[in-house]
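The structure appears below as structure tokens.
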Amino acid sequence: MMFSALFAPMDLGSVRIGNRFVHSATYEVMALETGEVTDRLIGRYRTLARGEVGLIIPGYLYVHSLGRAYRHETGIHDDRMIPGLTRLAGAVHEEGGKIVFQLAHAGRQTTKAMIGRTPLGPSGGDRDPFYFVKPRGMDGGQIQEAIRAFGAAARRAVEAGADGIQLHAAHGYLINQFLSPFFNRRKDEWGGSDENRFRFLGEILSEVKRETPQGMPILVKLNTHDHTPREGITPSLAATYAGRLSKLGIHGLEVSCGSGWYSFMNMCRGEVPVKELVTGLPLWKKPVGRLMLGRMAGKYGFEGGYNIEAAKRIKPVLGDTPLFVVGGMRKAAEMKKALEERYADGIAMSRPFIREPFLVRRIREGKTDASACVSCNRCLAAAANDIPVQCYCREFPASAR
């Protein structure tokens, strides 16, 4: 088989993955407003498992009611979520797949309208450039509450039958906020140095390990570059954090980049769908939105494997810890090269699986050697408009206009 390296099995802790393909967590806009799983959400991941995606990581599950970022985000913050999550895990298992639940807390990257109070972050400070939210800095009790929430969510993941968990430490969410010098300006034990900024994630890992059986995969998604206005996480700092994570015994690291409100197009290179993104804005915000997004158009041209160089820098500090790379992976030959030259152990994708849920099977069967995704980003614009994620490359839904 020409691409045999892509179909070699891989062990993550006590779990064997059938190939090297990973569905990178993607906000689906498919949960109830209460956070509960729906049949549509289950159907999406059943299809991906049937399409032979080796490891499926659904969109971020919020661990605390104050950590909810979006209206139709899936929750794992309450025991009431367990029955639906059990159905989700069971559907993937019935198709022979493996599923890891991504645990997330929005921190400051949400709104008062969403959570009913001023959002919290490691530090107070400047308003964000999108919703103009000015967060409140967390006190010690609130930090400990968030840490315990991750542990409780891990317990629920175990009870629901997930094969593992992933901690979302990227894209501007709370763990990323603590890790980043841009967001975290504290001078106490939770900030002021690399070691102190890492403490929050380290404490979460300890809490999660107490709630999960030995050998259950614990993965982390880490930013290699925040792309914030002032320096945040850089590839050098990411390598420092990655080395710490490896020593703490995580079972896999996924590397990404960009911050949701400050540099979202660094996360998803390609076309800036200005018209579609502006559609969901309030009337008073549309002119500003058109101006800001219009200035971005043409500046984020698609690049193949745009996190590969950072992966090459981080891989040497990981030892035997597997590394997954996401971002612009489209051609099977490039994926194979990343594995054979040992700067990645797995290939994570999001948009290609939105367009082609059976992409992995088609590559295995020799029916294609590349994704058909053109990175128009209308699928992600749909999420911004509260429309369930699917490929809208040819026709953006009329309901969004």
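Checking each residue in the stretch 147-197 for being of a type in the set (A, V, I, L, M, F, W, C), surrounded by fewer than 24 Cβ atoms within 10 Å (Cβ to Cβ) and assigned to a helix (DSSP H, G or I) picks out Ile147, Ala149, Ala152, Val158, Ala160. When the stretch 325-349 is filtered for residues that are in a loop (DSSP other than H, G, I, E, B), small (Gly, Ala, Ser) and over 12 Å from Gly304 (Cα atoms), only Ala344 remains.
Just to check your reading of the model, which residue among Ala25, Ala5, Ala104 is in contact (Cβ under 8 Å) with a residue 24 or more places away in the chain and surrounded by fewer than 20 Cβ atoms within 10 Å (Cβ to Cβ)? Can you show your working first?
Numbers: Ala25 fails: surrounded by fewer than 20 Cβ atoms within 10 Å (Cβ to Cβ); Ala104 fails: surrounded by fewer than 20 Cβ atoms within 10 Å (Cβ to Cβ).
Going through Ala25, Ala5, Ala104 in turn, just one is in contact (Cβ under 8 Å) with a residue 24 or more places away in the chain and surrounded by fewer than 20 Cβ atoms within 10 Å (Cβ to Cβ): Ala5.
When the helices (runs of 4 or more DSSP H) confined to the stretch 350-401 are screened for residues that are under 19 Å from the mean Cα position of the chain (by Cα), those reaching at least 2 such residues are found at 351-355, 378-384.
Given the options Glu334, Glu365, Glu395, Glu340, name the one that is more than 24 Å from His171 (Cα to Cα), surrounded by fewer than 15 Cβ atoms within 10 Å (Cβ to Cβ) and touching a residue at least 24 places away in the same chain (Cβ under 8 Å).
Details: Glu334 fails: surrounded by fewer than 15 Cβ atoms within 10 Å (Cβ to Cβ); Glu365 fails: touching a residue at least 24 places away in the same chain (Cβ under 8 Å); Glu395 fails: touching a residue at least 24 places away in the same chain (Cβ under 8 Å).
Criteria check complete, one pass: Glu340.
Set side by side, the residues Leu201, Leu237, Leu222, Leu253 differ, and just one is farther than 23 Å from Ile57 by Cβ and in contact with a helix residue (DSSP H, G or I) (Cβ under 8 Å, 6 or more places away or on another chain), which is Leu237. Residues of the stretch 8-22 that are of a type in the set (A, V, I, L, M) and either surrounded by fewer than 22 Cβ atoms within 10 Å (Cβ to Cβ) or part of a helix (DSSP H, G or I) (or both): Ala8, Met10, Val15.
Specify the residue that is surrounded by the fewest Cβ atoms within 10 Å (Cβ to Cβ); the eligible residues are those in the stretch 368-392 that are over 19 Å from Ala25 (Cβ atoms) and aliphatic (A, V, I, L, M).
First pass over the stretch 368-392, keeping only residues over 19 Å from Ala25 (Cβ atoms): 368-370, 372, 374, 376, 378, 385, 392.
Then keep just the ones that are aliphatic (A, V, I, L, M); that gives 370, 372, 374.
On the way: Ala370: 15, Ala372: 13, Val374: 15.
This residue is Ala372.
Looking at the stretch 270-284, is at least one residue within 30 Å of Lys98 (Cβ to Cβ), surrounded by 15 or more Cβ atoms within 10 Å (Cβ to Cβ) and in contact with a Cys (Cβ under 7 Å, 6 or more places away or on another chain)? Yes, that holds for at least one residue.
For the stretch 310-323, the criterion of being of a type in the set (A, V, I, L, M), at pLDDT 95 or above, in contact with a strand residue (DSSP E or B) (Cβ under 9 Å, 6 or more places away or on another chain) and part of a strand (DSSP E or B) is met by at least one residue.
Could you tell me which of the residues Asp139, Asp163, Asp128 is farther than 27 Å from Lys209 by Cβ and either in contact (Cβ under 8 Å) with a residue 24 or more places away in the chain or not hydrophobic (A, V, I, L, M, F, W, C) (or both)? Exactly one of Asp139, Asp163, Asp128 is farther than 27 Å from Lys209 by Cβ and either in contact (Cβ under 8 Å) with a residue 24 or more places away in the chain or not hydrophobic (A, V, I, L, M, F, W, C) (or both), namely Asp128.
Got a sec? Which of Val158, Val133 is without any contact (Cβ under 8 Å) to a residue 40 or more places away in the chain, among the hydrophobic types (A, V, I, L, M, F, W, C) and either touching a Ser or Thr at 6+ places or on another chain (Cβ under 9 Å) or at positive phi (or both)?
Val133
Filtered by the rule that a residue be farther than 26 Å from Met10 by Cβ, surrounded by fewer than 23 Cβ atoms within 10 Å (Cβ to Cβ) and small (Gly, Ala, Ser), the stretch 208-259 gives a lone residue, Ser236. Reported count of residues in the stretch 172-216, each being among the hydroxyl-bearing types (Ser, Thr, Tyr) and touching a residue at least 40 places away in the same chain (Cβ under 8 Å), is 3.
Would you be able to tell me the number of residues in the stretch 30-70 that are among the acidic types (Asp, Glu) and not in a loop (DSSP other than H, G, I, E, B)? Working first, answer last.
Here is the first cut: in the stretch 30-70, the residues among the acidic types (Asp, Glu) are 33, 36, 39, 52.
Then drop every residue that is not not in a loop (DSSP other than H, G, I, E, B), which leaves 39.
Total meeting the criteria: 1.
The values are calculated or read from the model by the stated rules, or taken from the named source; none is laboratory data. Note that this is a predicted model, so its numbers are computed, not measured. Reconstructed Cβ throughout: ideal geometry from the backbone, glycine too, with neighbour counts over all protein chains shown.
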